[in-house]
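**Student:** Below is the structure I would like to discuss, written out as structure tokens.
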Amino acid sequence: MLKEHTKQRQEHFTLLLKQHGGDLFKAMAGMFQDIISDAPDKKNLPFLKNALLNMTHKVEHTFAGMFSSSMMDDSLDKISPLINKKYLNISEDKELFYVMQILTSVTIRNFIEKFSRDLTDEEAINNYTSELTLLKYGLYRKTEE
């Protein structure tokens, strides 16, 4: 069931990348919001909450399967052409793998945070957006020496 859910989310992510002109950060934010909102009836949220709060390595591997190393070659081949790389500070597709791993880790952690702390959708989206902004613009402030 989790594999089917992940496959559907992967297809939705592809659509979001196209809608946002290849902007990876906008697509990730859109996907996060869509998943926690799960409009209109939120029928998948209890399943997702249970999977994330009772996460094992197998569940994590399946859930993160959109971008995990074992599935990365196939997934990356499909989504890489859709990502507008001019927005990213990378020099080759190999680095895109690491970008996706970082974003996936932050996303999963934010899902867990939403459910474990019982955050409202708005609180969860604000937290996630703040973290994406820090990643997008960098954590290290360049100063003149």
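The values are calculated or read from the model by the stated rules, or taken from the named source; none is laboratory data. Just so we're clear, the structure is a prediction, and the values are computed from it rather than from any experiment. Neighbour counts are summed over all protein chains in view; Cβ atoms, including those assigned to glycine, are modelled from backbone coordinates with ideal geometry. Accessible surface areas use protein heavy atoms only, side chains included; no ligands, DNA or RNA. Shrake-Rupley method; radii C 1.70, N 1.55, O 1.52, S 1.80 Å.
**Student:** Determine the pairs where a residue that is within 9 Å of F32 (Cβ to Cβ) and at pLDDT 95 or above, located within segment 118-134, has a partner that is among the hydroxyl-bearing types (S, T, Y) and surrounded by 12 or more Cβ atoms within 10 Å (Cβ to Cβ) with Cβ atoms under 8 Å apart, the partner being 6 or more residues away or on another chain.
**Tutor:** Every condition considered, the pairs that remain are Y128/T107.
**Student:** Let me ask you something else. Given the structure, is D74 assigned to a helix (DSSP H, G or I), over 19 Å from I108 (Cα atoms), at pLDDT below 65 and open to solvent by 80 Å² or more (accessible area, probe 1.4 Å)?
**Tutor:** Spelling it out, D74 is indeed assigned to a helix (DSSP H, G or I), over 19 Å from I108 (Cα atoms), at pLDDT below 65 and open to solvent by 80 Å² or more (accessible area, probe 1.4 Å).
**Student:** So which residues in segment 92-127 are under 22 Å from I79 (Cα atoms) and in contact with a Phe, Trp or Tyr (Cβ under 7 Å, 6 or more places away or on another chain), if there are any at all?
**Tutor:** M100, Q101, T104, T107, I108
**Student:** So which residues in segment 87-127 are farther than 18 Å from Y137 by Cα, open to solvent by 70 Å² or more (accessible area, probe 1.4 Å) and under 14 Å from the mean Cα position of the chain (by Cα), if there are any at all?
**Tutor:** If the condition is that a residue be farther than 18 Å from Y137 by Cα, open to solvent by 70 Å² or more (accessible area, probe 1.4 Å) and under 14 Å from the mean Cα position of the chain (by Cα), then R109 is the only one that fits.
**Student:** Kindly provide the set of residues from segment 94-121 that are of a type in the set (D, E, K, R), farther than 20 Å from K26 by Cβ and assigned to a helix (DSSP H, G or I), ordered by number.
**Tutor:** Those that are of a type in the set (D, E, K, R), farther than 20 Å from K26 by Cβ and assigned to a helix (DSSP H, G or I): K94, E113.
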